[in-house]
Amino acid sequence: MASMNMVYTLHKPDPVLVVDENRRRLALASGFDPASMYVTKAEHAKTIWVVGREQPARYDGIVTNQAGVTVCAAGADCCMILLADTQTGAVGAVHSGSKGTVVGAVKALLHTMTQEYGTQPAHVRAAIGPSISGNNYDMTQENAKAITDLDPSLTWPSKENPDKVHVDLVRANVVMLQREGVPLENIDTSYALCTVENVQFFSHRRDGLPFGNQLGFISRRPCIGEC
């Protein structure tokens, strides 16, 4: 939420001590251990970190099958996408803005879960958090070409900028997940409210610099009894 910035960089409004405290409060309210909480970077690419392996300097996605570990995707207009494998218990989180969507960051997340944990797309449940809506986001036609090629209905001409097109990033990621075999009924976009239009969320497009970040998060709960 807009009073709880969750990411620290030199371009963010809050010092690291404040961000750490915000994360601690989030963890306390949500019932997970802040010491086992990992947050994606925002590199606008598709590198995925597997928890337990050497941590890359830059990555936009995280996967794990370890109980008690919480993986988080940061966003402030970009899509925060969470995946859960209902069979293996593996989970993943990815930050996917326009560049991440163009290069297929969510596909990279799903492929990593498949390679590492044997995840089958048919068993995956996905959720996309608050993100910028297509009516509030545009790109040049050249930069949006990969998304237009994915499905022409994902982009449409901008009346304000004739050389640009509006882009529906949420639906683009839904289409990619579907094409990878995730059933549409397993993809929840009910929380994908527009960050620009809803002031309770941080929005880079609306607020400019400096801006904060919200988090989408998911974890595999520790087992109680037999797993």
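What follows draws every value from the coordinates through simple rules; no lab data is involved. Nothing here was measured: the structure is a model prediction, and the numbers come from that model. As a convention, Cβ positions derive from the backbone with ideal geometry for all residues, glycine included, and neighbour counts pool all protein chains shown.
May I ask you to derive the relative contact order of the chain, considering only C-alpha pairs under 8 Å and at least 6 residues apart, and to give it as an integer percent? Walk me through the intermediate numbers first.
Values: 512 pairs, mean separation 57.3, N = 227.
Averaging sequence separation for qualifying contacts and normalising by length gives 25 percent for the chain.
Past 27 Å, Cα to Cα: identify those pairs from LYS12/LYS46; LYS99/LYS159; LYS41/LYS159; LYS41/LYS145, in the order given.
LYS41/LYS159
Determine the gain in length on full extension of the stretch ASN143-ARG24; use 0.36 nm per residue of separation and subtract their C-alpha separation, reporting nm with one decimal.
Taking 0.36 nm per residue and subtracting the Cα distance, the gain is 39.0 nm.
Need one number: nm distance between label points at THR47 and THR9, each 7 Å from Cα along Cα→Cβ, rounded to one decimal.
For THR47 paired with THR9, the spin-label model returns 1.4 nm.
If a/c stays under 1.5 just call it rounded; otherwise compare a/b with b/c (prolate if a/b is bigger, oblate if not). Do that for segment 16-219, with a ≥ b ≥ c from the square roots of the Cα gyration tensor eigenvalues.
oblate
Can you show me the helix-derived [θ] at 222 nm for the chain, built from DSSP H runs with n ≥ 4 at -39,500 (n - 2.57) apiece and divided by the number of residues, rounded to the nearest 500.
On the way: 6 runs with 55 residues, N = 227.
Taken over the chain, the calculation gives -7000 deg cm²/dmol.
Can you classify segment 9-62 as rounded, prolate or oblate using the Cα gyration tensor, where a ≥ b ≥ c are the square roots of its eigenvalues, rounded means a/c under 1.5, and otherwise it's prolate if a/b beats b/c and oblate if not?
On the way: a/c = 2.49, a/b = 1.30, b/c = 1.91.
It is oblate, given that a/c is not under 1.5 and a/b is not larger than b/c.
So if we plug the beta-carbon distance of SER36 and VAL199 into 1/(1 + (r/R0)^6) with R0 = 35 Å, what FRET efficiency do we get, rounded to 0.05?
Once the sixth-power term is evaluated, E becomes 0.65.
In debye, nearest 20: dipole of the chain around its Cα centre with unit charges on the Cβ of K, R (+) and D, E (-)? Working shown, then result.
Details: 20 positive and 23 negative charges, 46 e Å.
So the dipole magnitude of the chain works out to roughly 220 debye.
Give me a comma-separated list of calculated 3J(HN,Hα) values for segment 128-135, in order, Karplus coefficients 6.51, -1.76, 1.60 applied at θ = phi - 60°, integers in Hz, x for any Gly or Pro.
Coupling constants for segment 128-135: 10, x, x, 8, 5, 7, x, 5 Hz.
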